[in-house]
Structure formats: structure tokens, C-alpha cells
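Visitor: First the structure, then my questions, so here it is.
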Amino acid sequence: LFSPLFDSIRRRSVKIRVSISTLVLAEHEGGFVKQSSLSAVAAAAAVNKEKSVSVLLGGSGPSLLKAASHAASCHPSISQVLVADTDILLHPLAETWAELVRLVQKQGSYSHIISASNSFGKNVLPRAAALLDVSPVTDVIEISEPRLFTSCSDFPHVSQKLFAYETSYQSPVGNALSTVRYMGEDPCMMTIRSTSFTVSACSSDSKSSEAPISKVDLSSFNEASFPKSRWLKLASQESERPDLGNARTVVTGGRGLKSAENFKLLEKLAEKLGAAVGATRAAVDAGFVPNDLQVGQTGKIVAPELYMAFGVSGAIQHIAGMRDSKVIVAVNKDADAPIFQVVHCAKRLQVMLNHLVLSISFLISVLEKLVEFKPSLSFYQAQLEIVQVADYGLVADLFDVIPELIEKIPDK
Ligand code: FAD
């Protein structure tokens, strides 16, 4: 009954380009392109079968040049490296970067602009999208076609009008994945989950595959254009433990730990395991640990080999940040905690969800005729994932389990 509606929605697509050229907004540190940006390159390569990925780096000094030569040789899909060499970009402020993206898009007319879904990407990409007057797709985890993506964002992709739709169908323990077809003007802008696009080791010594490096024309770019924000300082926690975002093992504590003092117990376990410490938002909000340890939708996204959760209930916003971990172990004294659960009811919900998508699509097409309302993205199909959160679950008191683990795990 409704399939002609889908067809009409698909036909509405504005300009479908034949050629695809992708720009990756990349971060660098110590003369190397960051791992998350390399994942964005891998995503760009999945979009772009023509293998013409441009990488944009900003900053100044020798470390920028070193990072540019790293970018030039680190992935076979990279066809050029663009360097925005200015002190204005020494620190990645969203306002300056967004303006840079607008400038580079004007010069290069890219069909896609991609960034990792980390604080840099989440800051810059939406601002740049607003300047370019397009809607970004966020938290892409799979690219089926150049304009068809699976996204696990909890935020609306289309407009405020569809916000209720997307959030109301989240399952208690999993994420509602949406398949999103981008139907707007170029560029199609997206952030990608780095954990879903892995990169193989860089071929930095294979000179034959080096891409050319060119400078972006920054004649119209000056500090006076950005009066509203200023870099003051970087405040970061020094730690001997591995970085939470890249650690192979993460031990996370929730509100169940009850105090900052008790988190020291978790830190001892982390030391034994060579692990990073994470926390839920409830633990952060209670002041047990600083907020850079927060894992989840509004914290860090992690995908370690082993994720151990102590006193964590398994709220959807937390699961959103650790669901890609290879092995998940949960210790909770409540046997009914969502972190132990499996969702079976997906099929019925999916039918309801699809009906809702169809109704919304119908509403959009009516609205389009009545007023000038053109959504640039369309929910094409939606599905719920059947998930079991914890691979291993232990119903026990964490204050018994953690000391026992510390005692029994041998020193390295
Ligand atoms: P609780 O839900 O209070 O769970 C504590 C658990 O500890 C319980 O299951 C309890 O049984 C167990 N427990 C208690 N004592 C013991 C014991 N002695 N031994 C064993 N188990 C014990 N949350 C995040 O984590 N990350 C996010 O990024 C995030 N973003 C959010 C964004 C939005 C917009 C919103 C609305 C919420 C967000 N949240 C986020 C909050 C989230 O909804 C939950 O409130 C939070 O994750 C709960 O944290 P918790 O599991 O530590 O606490």
C-alpha cells in the first residue's frame, strides 16, 4: 500500500551526483594522524569506490608537515592531502574549523564530508553543516551505498519534527538502529563511529602510494573573523594508565561503587589488568570521578577486547558507548539489571516502527505540498537490534568480587 510513497520520497532526491569525492576532516598529534581520523578515512573509502579521498589537516609548524606526510602515505584511497597552515588552527576550535570546512568546500565541491564521531567531529561537523545549509547524519556504523547508511545515533537526523519518533523506540538495553537515506543537497556530511571502521596498519614506507600535499588558500581566513571564541588552555588528566579510548581492557564503575574512595578499589584492579578506568554518568554526576572517564552516549565511545562493568545498571545511554566491546563482563547484585538482559521483542516493535515510518513519510509528503518543507534526510527503514549486553554476568556484590579479583590476578 505504502511502497509508492517510498518511491516518491526516493525520487525527490535533489541532485544525485555521478562522481563522488570525499573530504575527511582529520586530527593529528605528535606528527601523526589520529587513529579515529584514520577510521574516518576507512569510512570515506567505503563511500568512495573511485578512491579519491582528500584529507584536510589544520595547524602550523613541523608537526603539521609531519602529519601531512603521514596522511599522504597511510591509506591507498587518499588521493590528496590538504594542509591549512595557520596559527589560527593550532588548536581545534569548532568555529574556526567550521569556517575552514566552508572555505574548502567552496574550493573543492565535495560530495561527502566525513569526520570521526568524537569531541572534535561532534563540535565541528554540525557547525560546518549549518554554514553549508545541510543536515548531517551522525554516528554512522555502516555504509551500504554512498547515500544509504546505518546509524546508531540517539539524536534526530531529519528535523525536530521526527525527534519523538526516534527516541520513543529505543529498546531498554540496545540501541534502535536507523537506516538513513540522505536525500539532500551536496555535501552529504556525516560523523562515523570509529569503532565500526577499523584501519589496517599504515604503509608509511611505501613511497609509491604517496598522495600529493597541497596548501589550502587561506587568504580570506583571518583571526578577526572569529571574535567569539578564544583558546585558553588544555586541561587534561595525566595518567600512567592506557587512554580510555584506545585501551584493550576497560574496567568501569557505576553508581554501585557508592563513593570516590571506593573507586580506588577499581583503580587497583585496573592496575593489575593494565586497564583503563571508565565510569557511568551517574558515577560522574555523583562526583566519584572526573567526567573525562564517562563512557556512553554523552561520554567516550570505547570498543576494547574486554569491558568489565561493576555496579552498572546498563542504561541505554551507557550501552551506546560500549556495545562494540568484544567481551563484556558485568557484576551486579541485581539479577534483573538491564545489563544482564536479552531483548526478544524486536519483531513486533519493528512492525510498529515501520508503520510509524510510513505514517511520518506520508505526513512529510503532505506537508511538502502544503508548505515549503523539504527534509533533507529520510528514514527509509528502521529496525531494532536484538542484543544481549553482557557475555558473562555475575550476580554478586562488587565489594566481594573486586578484592577477590585483585587478590587472585597475578602481578604482571
Ligand atoms: P544506576 O542506574 O543507579 O545503577 C547502579 C547499579 O549498581 C544498579 O544496577 C545496582 O543494582 C548496582 N549495584 C548497587 N550496589 C551494588 C553492589 N554492592 N554490587 C553490585 N552491584 C551493585 N549514562 C552513562 O553512563 N553514559 C552516558 O554517556 C550517558 N548519557 C546520557 C545522556 C542523556 C541524554 C541521558 C538522559 C542520560 C544519560 N546517561 C548516561 C545516564 C543514564 O541514563 C543512567 O542514568 C546511568 O548510566 C546510570 O548509571 P549507573 O548504572 O551507574 O547507575
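The values are calculated or read from the model by the stated rules, or taken from the named source; none is laboratory data. Keep in mind the model is a prediction, meaning the values are calculated, not measured. All Cβ positions, even for glycine, are placed from backbone atoms using ideal geometry, and neighbour counts span all protein chains on display.
Visitor: I want to confirm something. Restricting to the stretch 297-313 and keeping residues that are small (Gly, Ala, Ser) and buried (at least 24 other Cβ atoms within 10 Å of the Cβ), which single residue is farthest from residue 276 (Cα to Cα)?
Guide: The selected residue is 311.
Visitor: A follow-up question, please. For the stretch 320-329, give me each residue that is away from the ligand (no atom under 13 Å from the Cβ) and without any contact (Cβ under 8 Å) to a residue 40 or more places away in the chain.
Guide: Hit for the stretch 320-329 is 326, nothing else.
Visitor: Which residue is nearest to the ligand (Cβ to nearest atom), if the candidates are limited to the stretch 241-259 and must be part of a loop (DSSP other than H, G, I, E, B) and more than 17 Å from residue 324 (Cβ to Cβ)?
Guide: Restricting to residues being part of a loop (DSSP other than H, G, I, E, B) and more than 17 Å from residue 324 (Cβ to Cβ), the top hit is 254.
Visitor: Name the residue, out of 238, 223, 210, that is farther than 29 Å from residue 334 by Cβ, more than 15 Å from the ligand (Cβ to nearest atom) and loosely packed, with under 11 Cβ neighbours inside 10 Å.
Guide: Within the list 238, 223, 210, the selection yields 238.
Visitor: Do the conditions hold for residue 240, that is, is it in contact with a helix residue (DSSP H, G or I) (Cβ under 6 Å, 6 or more places away or on another chain) and of a type in the set (Asp, Glu)?
Guide: Here the answer is no, as residue 240 does not meet what is asked.
Visitor: Under 9 Å between Cβ atoms, which residue pairs at least 6 apart in sequence (or on different chains) link something in the stretch 274-299 that is in contact (Cβ under 8 Å) with a residue 60 or more places away in the chain with a partner that is near the ligand (Cβ under 6 Å from one of its atoms)?
Guide: Partner pairs satisfying both residue conditions: 297/281; 297/317; 297/318; 297/321.
Visitor: OK, next. When residues of the stretch 269-319 are filtered for being under 20 Å from the mean Cα position of the chain (by Cα), under 22 Å from residue 405 (Cβ atoms), within 9 Å of the ligand (Cβ to nearest atom) and of a type in the set (Val, Ile, Thr), how many remain?
Guide: 2
Visitor: I've got another one for you. Here are some conditions: (1) part of a helix (DSSP H, G or I); (2) free of Cβ contacts under 8 Å to residues at least 40 places away in the same chain; (3) more than 8 Å from the ligand (Cβ to nearest atom); (4) crowded, with 20+ Cβ neighbours inside 10 Å. Residue 266 meets all but one. Which one does it not meet?
Guide: (2)
Visitor: Does residue 47 qualify as being crowded, with 16+ Cβ neighbours inside 10 Å and modelled with pLDDT of 95 or more?
Guide: no
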